[in-house]
1. Can you compute the modelled spin-label distance between A:VAL107 and A:LEU15, with each label point 7 Å from Cα toward Cβ, in nm?
2. Mind grabbing the interface size between B and A? I mean buried accessible area, both sides, 1.4 Å probe, in Å² to the nearest hundred.
3. Out of all DSSP beta bridges in the protein assembly as shown, what portion is antiparallel? Express it as a percent rounded to 5.
4. Summarise the accessible area of the protein assembly as shown (1.4 Å probe, protein heavy atoms) by the percent that is carbon and sulfur.
5. Which one of A:SER86, A:SER103, A:SER24 has the biggest mean-square fluctuation once chain A is modelled by GNM with Cα springs under 10 Å?
6. Which value in Å is the Kirkwood Rh of chain B over different Cα pairs?
7. Can you tell me the accessible area per residue over the protein assembly as shown, all protein chains present, probe 1.4 angstrom, in square angstrom?
8. Would you mind computing Rg(Cα) / (2.2 N^0.38 Å) for segment B:1-47, counting N as its residues?
Amino acid sequence: MSSDLGKPIVEVAVLDGPLGKPTSEAPAGAGAWLVFEGIVRPLEEGRRLVALVYEAYPPMTERELRRLAAETAAEQGLLAIHVEHSVGWVGVDEISFRLSIGSRHRVEGIAATDKFIHAMKRDVPLWKNPVWAPE
Amino acid sequence: MQVTVLLFGPQATLAGTREVVVEAASPTAGAVLEALADSTESLATSLPASRLAVNHEFVDASHAIHPDDEVALIGMVSGG
């Protein structure tokens, strides 16, 4: 898949449960293809986790993710940005978030990755509710 | 004006409910936040860093709220 008339590819998906294998590919013209995956850790605040249960506020969650992705792509001059986020139960060691970015050069791809994740964690209506392991 | 405010995540857990009905002195987002602080003590410390969404869009304090609007408190978010 390639971008049309210079517009970046922007794709957002909010999916039930842990994320499967990546399916996005680097766009034509990309010199960098960056894939960040957020994984549920076994410990949170020093306590053992079984899972995180992610909560969204549809349709606002997807709308805000899409808005943030489009802004990030425009600001950084990206070729593509793909966002996938789980809702519901995601167990330890499973993937709850994936951000895939295609850019001409690594500099803007790396900057976009950090800026997007920082803004998502600050602003987007998504919440994780811990399920603790028995003590 | 009575306004129902939807709660999510840790704020719903703190308040012990998924929605709170408040009596706002005036039909604005700012007044609703003040009413939330007054009526639900468990939310008070998280409110300064929270925002209201009306009909799925973030709004500022001066935004007018109408009777059929869907109002949600968006705070303590933790995506990713």
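1. 3.4 nm
2. On the way: alone 4770 and 7940 Å², together 11000 Å².
Result for this pair: about 1700 Å² buried.
3. On the way: 39 of 49 bridges.
Of the beta bridges lying entirely in the protein assembly as shown, close to 80 percent run antiparallel.
4. Numbers: 5920 of 11000 Å².
Its accessible area is 54 percent carbon and sulfur atoms.
5. So, out of A:SER86, A:SER103, A:SER24, the one fluctuating most is A:SER24.
6. Working: mean 1/r = 0.0812 Å⁻¹.
Value: 12.3 Å, from the Cα pair sum.
7. Working: 11000 Å² over 215 residues.
Value returned for the protein assembly as shown: 51 Å² of accessible area per residue.
8. Details: Rg = 9.9 Å, N = 47, 2.2 N^0.38 = 9.5 Å.
After normalising by residue count via 2.2 N^0.38 Å, the value is 1.04.
The values are calculated or read from the model by the stated rules, or taken from the named source; none is laboratory data. Fair warning: this is a prediction, and the values are worked out from it, not measured in the lab. Note that we place each Cβ from the backbone using ideal geometry, even for glycine, and neighbour counts take in every protein chain shown. Ligands, DNA and RNA are excluded from the accessible area calculation, which covers all protein heavy atoms including side chains. Shrake-Rupley method; radii C 1.70, N 1.55, O 1.52, S 1.80 Å.
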